[in-house]
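Read-outs throughout are calculated quantities, based only on the coordinates presented, and are distinct from any laboratory measurement. Not measured: the values here are computed from a predicted model. All Cβ positions, even for glycine, are placed from backbone atoms using ideal geometry, and neighbour counts span all protein chains on display.
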Amino acid sequence: AGTNITLHKDAAWKEAWRDFRDTNKFVQGIFTMKGRYEESENPLISTARSITDRIGGFFAENETALVIKKFRSMDPAFQVEPFLQELREYILPEVLDAYVKGDTETLKLWLSAAQFSVYEALTKQYLQAGMKSDGRILDIRNVDILRARMLDPGEVPVFIITCRTQEVHVYRNAKSNELAAGMEDKVQLVTYAIGITRVPEDVNNPETRGWRLIEMQKSGREWH
């Protein structure tokens, strides 16, 4: 029964996220602007330095307040800036590194069941061909909160996180370890939009503290 509830909840998250993504100009803009940024700039996020200015400029204030309130009901000590620091220094390096390396055990900890299924589908062709992922994350920057959103049903609090990375994507022969796909010296610039929520029952989990990634959208181009 527990598994059915999890899958049902994941399906609801997925549908709510899809509705939000398809109607939200900010999320759409992440991918339409992908080829127009300069390396030193981030056109998606306000240049304002304080979190108050960012929230005031980009977010629907009431919805942001509701999301923060919901996160504080799970963890009374929750604050936005320390959460951003945790994202930059721990969560995103952990998850994105696992994502490009094919570390499924780590991804199972952090991704919702629905999102993990998406990842498995994306990597299935390589595994069936006898390859293993051996990618690398070289750099993560411009980590910020793009939007706060309460997803129905169930009033699931979600932050939509954006970041940019420099990545190397390669696959090796699982037996010989020889390079089978990709180029070790070709760096990809990747923009991510990530939906992250928190599972109340898992707040005391020592590894994830309950944070769960319910969506990962990415768009990349070669770095010249």
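Annotations
- Contact map, the stretch 166-188: first residue over 18 Å from K218 (Cβ atoms) and in contact (Cβ under 8 Å) with a residue 24 or more places away in the chain, second residue of a type in the set (D, E) and assigned to a loop (DSSP other than H, G, I, E, B), Cβ cut-off under 8 Å, separation 6 or more or different chains; pairs are R172/D134; R172/E178.
- Residue list for the stretch 164-193, filter: farther than 22 Å from D144 by Cα and in a strand (DSSP E or B): V168, V170, Y171, R172, N173, L179, A180, A181, G182
- You will find that of I161, I214, I196, the residue that is assigned to a strand (DSSP E or B) and out of contact with any Lys or Arg (no Cβ under 8 Å at 6 or more places or on another chain) is I161 and no other.
- Condition check for M150: more than 24 Å from L109 (Cβ to Cβ) and in contact with a helix residue (DSSP H, G or I) (Cβ under 6 Å, 6 or more places away or on another chain): yes
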